[in-house]
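The values are calculated or read from the model by the stated rules, or taken from the named source; none is laboratory data. This structure is a prediction, so every number in the text was calculated from the model and none was measured. Because the Cβ atoms are built from the backbone with ideal geometry, glycine has one as well, and the counts that use them run over all protein chains shown.
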Amino acid sequence: MSSRGLNLCTLAGNVAADPEVRQIQRKAGGHAKVAGITIYVDRVPSRKDNDSFTVDISVWEGSPAWRKLTYIKKGSLIIASGAIDASPYLSKGDDQVRAGLQLKATDIFLDSSPRNEASTTSDPEF
């Protein structure tokens, strides 16, 4: 089996801001909606505190990931899967070329674990 042309990436991270949906005009005509999400991905193993990088995610209308958008908000932990591409940019601080990452999500999985501080500090009631 050949892996030629295989581009599949799965990343987990916390959402930096609420998703932004915009409408774009397609080259072939017509309009489409696309949502933009940025996540912070921690490096494993982390060499220092707050050692993370960002990945911009695009979610296209009609994809399985699109149906999950209503549940995604700032701070949510998500797992996004799709095709990844590099998007270089110039850093603001020192004008050095940096490698950015763009993921075109085909599906998004939502973290379903509770985020209640009280539940982590006390014993569960049965």
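Restricted to segment 12-37, and to residues that are assigned to a strand (DSSP E or B) and either at pLDDT below 95 or of a type in the set (Phe, Trp, Tyr) (or both), which residue is surrounded by the most Cβ atoms within 10 Å (Cβ to Cβ)?
Per the stated criteria, the residue is Gly13.
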#### Entry: Tally of residues being in contact (Cβ under 8 Å) with a residue 24 or more places away in the chain, surrounded by fewer than 16 Cβ atoms within 10 Å (Cβ to Cβ) and not in a strand (DSSP E or B) across segment 76-96
1
### Query
Restricted to segment 1-11, and to residues that are under 29 Å from Ser76 (Cβ atoms) and loosely packed, with under 11 Cβ neighbours inside 10 Å, which residue is modelled with the lowest pLDDT?
Leu6
### Query
Do we have any residue at all in segment 97-109 that's among the aliphatic types (A, V, I, L, M), farther than 19 Å from Cys9 by Cβ, in contact (Cβ under 8 Å) with a residue 24 or more places away in the chain and not in a loop (DSSP other than H, G, I, E, B)?
no
